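A.B. asks: The structure follows.
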Amino acid sequence: METAAPVGSFPSPYEVGTPPGCEGWEDLYPYYALFDEERREADEKRFWFWNSMHFPLPMPAFDAICIDTAYQALGTWQNRVFAVPPAMGIDYRCINGYIYISGNPVTDPEKIAERAGHFQQRAGYYFEHWDELYGAWRTKMEALIAELEALEVPALHELEPDEVAFGDQETSFCAVLDAYRNVLRLADLMWQNHFEFLLLGYGAYVTFTELCKTHLPDIPDQHIAQMVAGLDVLLFRPDAELRRLARLAIDTEVDAAFVEGRTAAEIESELAESERGRDWLAELEAVKDPWFHMATGDGLYHYYGSWLDDPTIPYASLTGHIAALRAGEEIERPTDHVATERDRLAAEYGALLDDEARKGFDDLLALSRTVFPYVEEHKFLCDYWFLTTWWNKLRAFGALLSEHGFLEDGEDVFQLSRLEVYSALDELLLTWATGGQPRGPLYWPPIVAKRKALLERLADWTPPPAVGAVPEAILDPALIMLWGVTTQRVHAWAQADEDGSSIDGTPASPGVVEGVARVVRNVRELGDVREGEILVCSITSPAWAPIFSKIQAAVTDIGGVMSHAAIVCREYALPAVVGTGRATSQIRTGQRIRVDGSAGSVTLLE
Amino acid sequence: MSASPHTRPLAALGRGDSPAFGGKSATLGELIAAEIPVAPGFALSTTAFHAFVREAGLDGKIARELALVSPGDVDSVVSASHAIGEAMRSAPVPEAVRAEIAAAYGALADEAGIAEPPVAVRSSALGEDGEDATYAGQLESYLWVRGAGHVCDAVRDCWVSLFGPPAIAYRAHVGQDEPAMGVAVQLMVDAEVSGVLFTCNPMSGDPSMVAVNASWGLGLAVVGGEVTPDDFLVSKVTGEVVRERVHDKDVEYVPDAAGRGAVRAEVPEERRGLACLDRTALEALVEVGRRVERAFGSHQDVEWAIARGRELPEGLVVLQARPVTGLPGRHPPSGNDTAMGLVMSMFGAADAKG
């Protein structure tokens, strides 16, 4: 592991001020999520980095469940199940609505050795039985999604239904609270599933990367990714289905309905007028489950719905594919080329190694290819399908609260923490039962209004990439594997020249282009992206795929070569630089920049 | 005995000729056999050197002077070098050797279609290729030599360089005596760009990379370290340029306007900061590098030049190849290099307790 004397510094988490007008942001989050005075001495000495990969925007109070539950699950599997020798779990703190994380290392050599024994046994079992365990995992995940989809939120009527009076149906009080507890329980289970395979999957891949770099020190990261990446990737299926539907629209001569600028509803209503159009719509309907469970964003915020909730992205994509087909262009993903290139790279690199290294290379490549489907598929099943469905279930509770005046709008439910929602439901059920006057309708709406205003103001604040101490070395496998946060990268952040005209990151997809930057800080700004621009964002989601046909390069704040932006850019043969730490804060929309996806550098040209 | 005992066309040489013709000439012969583009030429055997020393009666003089050298005493080295050089320069090249050089040069002239074509006259040290590398920079080469008489003089100057102070000191250090050398004479390549390539990254040892250093003009500037060359790292596997560092290249060696010899010239301002290789040139270099590596079965350090006004890849010529020495060591196997063993160490679980 490389080490170097740390140079530069990060601000103390206690010295980062509150932006004007944002006072009171702390009320949105649990007491333990803050940099408090009681833990100051320890917390100031730790290295904390902004997890802009998962939480690029200020957290709404309810959405913070995706921090708590996720880190609970990560810690459980890493620390309490597999006992990863040098690392326990990940702690988080919140500054001005943004999430900073820090690993908990194990430092006692005795303890590390003891954990190593458990790890070898437990992780070894998983690797040995991977296909079987992963098969069971998929079944379990699909059952969980089915349970979630079947979950109903009971309504409150003037009188309890006959089944309560004459049958043995439980009362609404119990049914509503049960449903709410259930919805939380299902999320707990999903996050546990999410992390069951994650570390081991990435671990095999990162080990292969390290082996490649030992014997082939200059190998570009993207070549390693290309050798491992799957061909039949679940995440590419939705767009593949759209391409098929685009061809169908042309073959059945209903393509005239797809005019750029039309809304999904306008296109659908024109299609519904003809028989062929209705046939096409029926085909679309058949594709929707499951392929429209793609999220419009990276899934960890309630406002990232699915393509079912907002069909703008798939329809824009369909219109684009149809226009391309009409222009005689090839729209198929070059699967043959990807497959040939993947095998050619593996064969050529393998041939350069001596026999001993060759064996490790071949075995680890095979292991990486075995575990990789999980790495790619959990995203679709957990982050997209489950979460987009799950947010909608919570909207049903929001609707219940708003129906009874506790909220002005059902969507406001996400402005309360999960415990506050529980409390509001408690009071609603109490006063509904007693017929008394609830305080909720007077109590919650002003809180919601204040929080919405706060979140809007906090969104304009740019968090520093890291706070606290500059670490000598990053040794935590999870930080390295999942966030691409390496010693080198952290030291580069600490030394960052704020006025520099150049930003370094990880080279993720080769090529050099110059163009105009478009800084996108949230999914709602995606619609502003113009043809030929360079996308600059915190992190992208595969659900953004359709806009990759518009842009000529991508730059992200966080992520490694296996981040989604990197994968998609390689698919579309666009240059990409990821993990820059500060691209969105240093690049302006409209600025001319040069992206060198081979060198991993972004040059500001004006 | 053949009609020309002292010379042979480069194309007729192979590895086995190294003891007689020196490493450089033998290597050039092998490159030609592997169909790697090399400027045509001929090689002079060590027999020519021995004939020269014998006929001029220099054996005794050389032995006496060398006997006075004590390793580490710079003055004794310089004084021996000076005395031997003086004696060699005033001795004639034997008539038989002169005639053979003239005939071989004439054949080159016919091949080039020029009456007195410019040639490079290059020392070809004895012994294995590795030794040639050790001698690097000590033995002389003479560029842009024209006319058989001047070629003979340049050949003698090469022989003299075998007794340059560094070469004497080196041999005294390793305890070697009775030196001899061959000489290679090749048609001159009017290099627009030249440099060195390694068939691996010599810094990291990465075998999947070709490392290229290049500058304007003849190779002297790069080999002699007189400019900071443009520096490229190119993937053998995909041809991607992984690293590109373009530097200001302020001097270059070009043919003297008088028609003989090479001169050091300032590079015009507007050309200094330009990359001297484009993608097409790098592609051709990687291809040639891979072929040289294949031909020799090990990593090679290749000197090359791109001829002025010629199309690629035909314009690319290999001047010399030798094995890469001093690569970073291979990582020793840890004894637990199974895939699972490596995954375990990634998680810090290599040394389990109990």
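A.B. asks: Which of the residues that make up region A:104-131 are more than 8 Å from chain B (Cβ to nearest Cβ) and within 22 Å of B:THR338 (Cα to Cα)?
C.D. replies: A:HIS118, A:GLN121, A:ARG122, A:TYR125, A:TYR126, A:GLU128, A:HIS129, A:TRP130, A:ASP131 - these are the residues of region A:104-131 that are more than 8 Å from chain B (Cβ to nearest Cβ) and within 22 Å of B:THR338 (Cα to Cα).
A.B. asks: Note down all Cβ pairs under 9 Å where the first residue falls in region A:253-264 and is touching a residue at least 60 places away in the same chain (Cβ under 8 Å), the second is part of a helix (DSSP H, G or I) and of a type in the set (Phe, Trp, Tyr), and they're at least six residues apart or on different chains.
C.D. replies: A:PHE258/A:TYR315
A.B. asks: Can you name the residue in region A:202-239 that is outside any helix (DSSP H, G or I) and either within 26 Å of B:MET340 (Cβ to Cβ) or out of contact with any Asp or Glu (no Cβ under 9 Å at 6 or more places or on another chain) (or both) and is also modelled with the lowest pLDDT among such residues?
C.D. replies: A:LEU231
A.B. asks: Would you be able to tell me the number of residues in region B:143-172 that are outside any helix (DSSP H, G or I) and in contact with a Ser or Thr (Cβ under 9 Å, 6 or more places away or on another chain)?
C.D. replies: Matching residues across region B:143-172 total 3.
A.B. asks: Let me ask something additional. Given B:VAL251, B:VAL286, B:VAL242, which one is within 14 Å of chain A (Cβ to nearest Cβ), β-branched (Val, Ile, Thr) and more than 23 Å from B:LYS24 (Cα to Cα)?
C.D. replies: On inspection, the qualifying residue turns out to be B:VAL242.
A.B. asks: Could you tell me how many of the residues in region B:265-323 are part of a strand (DSSP E or B) and either free of Cβ contacts under 8 Å to residues at least 60 places away in the same chain or exposed (fewer than 14 other Cβ atoms within 10 Å of the Cβ) (or both)?
C.D. replies: Selection size over region B:265-323: 2.
A.B. asks: Next question, about the same structure. Of all residues in region A:62-103, how many are assigned to a loop (DSSP other than H, G, I, E, B) and within 14 Å of another protein chain (Cβ to nearest Cβ)?
C.D. replies: 5
A.B. asks: Answer yes or no as to whether A:THR76 is of a type in the set (S, T, N, Q), surrounded by fewer than 22 Cβ atoms within 10 Å (Cβ to Cβ) and over 22 Å from A:PRO477 (Cα atoms).
C.D. replies: So A:THR76 fails the test.
A.B. asks: Kindly indicate whether any position in region B:179-202 is part of a strand (DSSP E or B), within 14 Å of chain A (Cβ to nearest Cβ), at pLDDT 90 or above and closer than 30 Å to B:ARG279 by Cβ.
C.D. replies: yes
A.B. asks: For B:ALA258, indicate whether it is assigned to a loop (DSSP other than H, G, I, E, B) and within 14 Å of another protein chain (Cβ to nearest Cβ).
C.D. replies: Judged against the criteria, B:ALA258 is not a match.
A.B. asks: When both residues are 6+ apart or on different chains and their Cβ atoms are under 8 Å apart, which pairs have a first residue that lies in region A:339-351 and is closer than 15 Å to A:GLY230 by Cβ and more than 10 Å from chain B (Cβ to nearest Cβ), and a second that is of a type outside the set (Gly, Ala, Ser) and surrounded by fewer than 15 Cβ atoms within 10 Å (Cβ to Cβ)?
C.D. replies: A:ALA339/A:LEU231; A:ARG342/A:LEU231
A.B. asks: Here's a follow-up. Kindly list the number of the only condition in (1) within 14 Å of another protein chain (Cβ to nearest Cβ); (2) among the acidic types (Asp, Glu); (3) within 30 Å of B:ILE114 (Cα to Cα) that fails for B:ASP206.
C.D. replies: Failed condition: (3).
A.B. asks: So which helices (runs of 4 or more DSSP H) are wholly in region A:124-201 and hold at least 3 residues that are in contact with a helix residue (DSSP H, G or I) (Cβ under 7 Å, 6 or more places away or on another chain)?
C.D. replies: Once the helices (runs of 4 or more DSSP H) in region A:124-201 are filtered for at least 3 residues that are in contact with a helix residue (DSSP H, G or I) (Cβ under 7 Å, 6 or more places away or on another chain), what remains is A:130-150, A:172-196.
Every residue, every condition in (1) under 21 Å from A:LEU186 (Cα atoms); (2) crowded, with 22+ Cβ neighbours inside 10 Å; (3) touching a residue at least 12 places away in the same chain (Cβ under 8 Å); (4) not assigned by TED's automatic domain parsing to the domain that holds A:GLY305, yes or no:
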{"site": "A:LEU364", "(1), (2), (3), (4)": "no, yes, yes, yes"}
{"site": "A:LEU387", "(1), (2), (3), (4)": "yes, yes, yes, yes"}
{"site": "A:LEU400", "(1), (2), (3), (4)": "yes, yes, yes, yes"}
{"site": "A:PHE406", "(1), (2), (3), (4)": "no, yes, yes, yes"}
{"site": "A:GLN415", "(1), (2), (3), (4)": "yes, yes, yes, yes"}
{"site": "A:LEU419", "(1), (2), (3), (4)": "yes, no, no, yes"}
{"site": "A:TYR422", "(1), (2), (3), (4)": "yes, no, yes, yes"}
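A.B. asks: Do you know which residues across region A:198-251 are more than 14 Å from every other protein chain (Cβ to nearest Cβ) and not aliphatic (A, V, I, L, M)?
C.D. replies: Across region A:198-251, the qualifying residues are A:GLY230, A:ASP232, A:PHE236, A:ARG237, A:PRO238, A:ASP239, A:GLU241, A:ARG243, A:ARG244, A:ARG247, A:ASP251.
A.B. asks: Still on this structure, I have one more. In the set A:ILE331, A:ILE322, which member is away from chain B (no Cβ under 14 Å), more than 18 Å from A:ILE267 (Cα to Cα) and of a type outside the set (Phe, Trp, Tyr)?
C.D. replies: Unique residue meeting the criteria: A:ILE331.
A.B. asks: Specify which of the listed residues (B:GLU116, B:GLU65, B:GLU100) is assigned to a helix (DSSP H, G or I), modelled with pLDDT under 95 and not β-branched (Val, Ile, Thr).
C.D. replies: Within the list B:GLU116, B:GLU65, B:GLU100, the selection yields B:GLU65.
A.B. asks: Given the criteria within 11 Å of another protein chain (Cβ to nearest Cβ), out of contact with any Ser or Thr (no Cβ under 6 Å at 6 or more places or on another chain) and at pLDDT 85 or above, does B:PHE296 qualify?
C.D. replies: Judged against the criteria, B:PHE296 is not a match.
A.B. asks: Can I ask one more? Report those helices (runs of 4 or more DSSP H) wholly inside region B:2-60 carrying at least 1 residues which are under 16 Å from B:ILE101 (Cβ atoms), modelled with pLDDT under 95 and more than 21 Å from the chain's Cα centre (by Cα).
C.D. replies: B:46-55
A.B. asks: Same structure, new question: Given the conditions (1) within 30 Å of A:PHE414 (Cβ to Cβ); (2) over 27 Å from the mean Cα position of the chain (by Cα), and given that A:ALA143 satisfies all but one, which numbered condition is not satisfied?
C.D. replies: Single failed check for A:ALA143: (2).
The values are calculated or read from the model by the stated rules, or taken from the named source; none is laboratory data. Given the structure is predicted, the values throughout are model-derived calculations rather than measurements. Because the Cβ atoms are built from the backbone with ideal geometry, glycine has one as well, and the counts that use them run over all protein chains shown.
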